[in-house]
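See below for the structure under consideration.
The values are calculated or read from the model by the stated rules, or taken from the named source; none is laboratory data. Quick caveat: nothing in here was measured; it's all calculated off a predicted structure. Here the Cβ positions follow ideal geometry from the backbone for every residue, glycine too, while neighbour counts run over all protein chains shown.
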Amino acid sequence: MSTEGETSLEERLRKRDEEIATAYAVERGNFTATLKRAQLLNPKMKITMKDVKKWRLQHLNVEKRPTKPNSWVGNFAKEEYQADLLFFDDSKEKIETINDKGKKVMVKVADNFDAGLLVVDTFSKKLAVVPMVDKTTPAIIVAMETAFERLGGKPRMLYTDAEGSLTSNGVRDWLKGEGIVHNITLMHAPLAEKMIGFIKNRVVQSIKEEEALKIDEDKNQVV
């Protein structure tokens, strides 16, 4: 017959496993991030890396997310979107062009906006990039509405990193009001991060090449 102490221990271990399972699901199986999140969920539990690894060994066949952070995808379109902020200014990309007075000038690729919100469907890989003049809550919400519309509708879940402008109370309240589950990782949203690299490497380079071609054409016209 179980004693009261044994029952209390079983309950504590069960709750510990629940906290680890929740953290593991959100963090896509990343051990370090899982541990940090589990500790934040329940600081009094004093969960250790040993606890996380033990739980993982006991749940090899029933985990909610695969062990590789980049390998999970939605089961259907709009099940989950990943979102991240895109900063062209961070890349310090500049191109040489000719202003309206015929003089050569160096300008930033994205002079017309400070940032953009990138949203990608993990199932279809369809993405939307919405320019923003700032990172305020109203701007983020409008950008999300626009991106969701371009992707065919709002998702069941939105997965983002812990960027302050994406996790503000205003954004979280709006997502909750829309019935969208907001999963926040302490690491990075891997697919969104990959797409940002693609945008910066491919699209920005294309813009620079087009501007270079335009300059060559203008030179020929001058000559």
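Here are some notes:
- Scanning the range 124-143 for residues that are hydrophobic (A, V, I, L, M, F, W, C) and within 19 Å of I199 (Cα to Cα), we see that the one that is modelled with the lowest pLDDT is V133.
- Of A162, A143, A192, all but one fail to be under 12 Å from L85 (Cα atoms), in contact with an Asp or Glu (Cβ under 7 Å, 6 or more places away or on another chain) and not β-branched (V, I, T); the exception is A192.
- Residues in the range 141-153 that are in contact with a Leu (Cβ under 9 Å, 6 or more places away or on another chain) and assigned to a loop (DSSP other than H, G, I, E, B): L151 alone.
- Under the condition of being more than 27 Å from G29 (Cβ to Cβ), within 15 Å of the chain's Cα centre (by Cα) and surrounded by fewer than 17 Cβ atoms within 10 Å (Cβ to Cβ), the residues counted in the range 134-192 number 1.
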